[in-house]
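Below is one structure, written out as structure tokens; the observations come after it.
The values are calculated or read from the model by the stated rules, or taken from the named source; none is laboratory data. In this text, all values refer to a predicted model and were calculated from it rather than measured experimentally. Here the Cβ positions follow ideal geometry from the backbone for every residue, glycine too, while neighbour counts run over all protein chains shown. Just the protein is used for accessible areas: all its heavy atoms, side chains included, with ligands, DNA and RNA removed. Shrake-Rupley method; radii C 1.70, N 1.55, O 1.52, S 1.80 Å.
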Amino acid sequence: MSVVVPPGEVVALLGNNGAGKSTTLRTISGLHRASAGQIYLEGGRISHLAPREIVQLGISHVPEGRLIFPELTVLDNLKMGAYVRKGLPKEGLDYVLETFPVLGQILHRRGGALSGGQQQMLAIARGLVAQPKVLLLDEPSLGLAPIVVHAIAGVLEQLRTTGLSILLVEQNAELALRLANWGYVLANGRVTVSGAAASLVADDEVRRSYLGI
Ligand SMILES: Nc1ncnc2c1ncn2[C@@H]1O[C@H](COP(=O)(O)OP(=O)(O)OP(=O)(O)O)[C@@H](O)[C@H]1O
Ligand SMILES: [Mg+2]
């Protein structure tokens, strides 16, 4: 079964550890080659393209574990998010500093010196500076304190009103299904359940396996 992310919508990808969620995002980004199937962006096939070309077409990937550059400043980390575009676009920088005002106050601090929450915000901001059409977000709440998760959820809430399409991988299924329009459950690299977020929240199996109810 295909995974579809409609324009301007948030789609949640759920599944247990090892289900293949990160691999799915990495395959969309061109970091893995699909052994079968195809990937399309706005009707054009992208499965054969290099990661750099995929970024240029407007797909940004915020990886699991954040993977910011600890030795680089916040500003230089943001520049890395725009390197395929020959420099940081001013409107992209303005946009992320408006979305994450805290980053504006620490632009010259080293990435490695930031808190976990600030690093996650930086990772998302780095994904957004190139002003993508699609954002692939891998476990943005992982390992963060509840108050920080709340702040990140607020940002995602705001992003979903901007027309950006988001494919959101989250262990926190409750959070993911609150933000998403639609959700898929993966097991062993395959979609086992899909539906409107509201119907998944009511699905017995999803409730037992992913919502702990
Ligand atoms: N479609 C697939 N076919 C074969 N192997 C796969 C597939 N998807 C993932 N794998 C393998 O399964 C393992 C776990 O995958 P992955 O890291 O994507 O899981 P995950 O759902 O992101 O798990 P976690 O919740 O721990 O982050 C990896 O070794 C990966 O190579
Ligand atoms: Mg993963």
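In segment 54-72, what residues are among the hydrophobic types (A, V, I, L, M, F, W, C) and either within 16 Å of ligand 1 (Cβ to nearest atom) or surrounded by fewer than 17 Cβ atoms within 10 Å (Cβ to Cβ) (or both)?
L57, V62, L67, F69, L72
If I ask for residues that are on the phi < 0 side of the Ramachandran plot, away from ligand 1 (no atom under 12 Å from the Cβ) and open to solvent by 20 Å² or more (accessible area, probe 1.4 Å), which ones from segment 4-27 would you list?
V4, V5, P6, P7, E9
Restricted to segment 175-193, and to residues that are closer than 16 Å to N16 by Cβ and small (G, A, S), which residue is farthest from ligand 1 (Cβ to nearest atom)?
Looking at residues that are closer than 16 Å to N16 by Cβ and small (G, A, S), I get G183.
Of the numbered conditions (1) modelled with pLDDT of 95 or more; (2) among the hydrophobic types (A, V, I, L, M, F, W, C); (3) closer than 22 Å to E139 by Cα, L67 fails exactly one; give the number of that condition.
(1)
Output yes when any residue across segment 200-213 is closer than 26 Å to S60 by Cα and in a loop (DSSP other than H, G, I, E, B), and no when none is.
no
Does segment 86-96 contain at least one residue that is at pLDDT 95 or above, not aromatic (F, W, Y) and not in a helix (DSSP H, G or I)?
No - not one qualifying residue is present in segment 86-96.
Answer yes or no as to whether A36 is away from ligand 2 (no atom under 16 Å from the Cβ), over 20 Å from G195 (Cα atoms) and without any contact (Cβ under 8 Å) to a residue 12 or more places away in the chain.
Yes: the conditions hold for A36.
Right, L142: open to solvent by 40 Å² or more (accessible area, probe 1.4 Å) and touching a residue at least 60 places away in the same chain (Cβ under 8 Å) or not?
Yes, satisfied.
Is segment 122-140 home to any residue that is more than 17 Å from L164 (Cβ to Cβ) and within 16 Å of ligand 2 (Cβ to nearest atom)?
Yes: one or more hits.
Within segment 99-121, take every residue that is surrounded by 16 or more Cβ atoms within 10 Å (Cβ to Cβ) and part of a loop (DSSP other than H, G, I, E, B) and give me the one that is farthest from ligand 2 (Cβ to nearest atom).
Per the stated criteria, the residue is I106.
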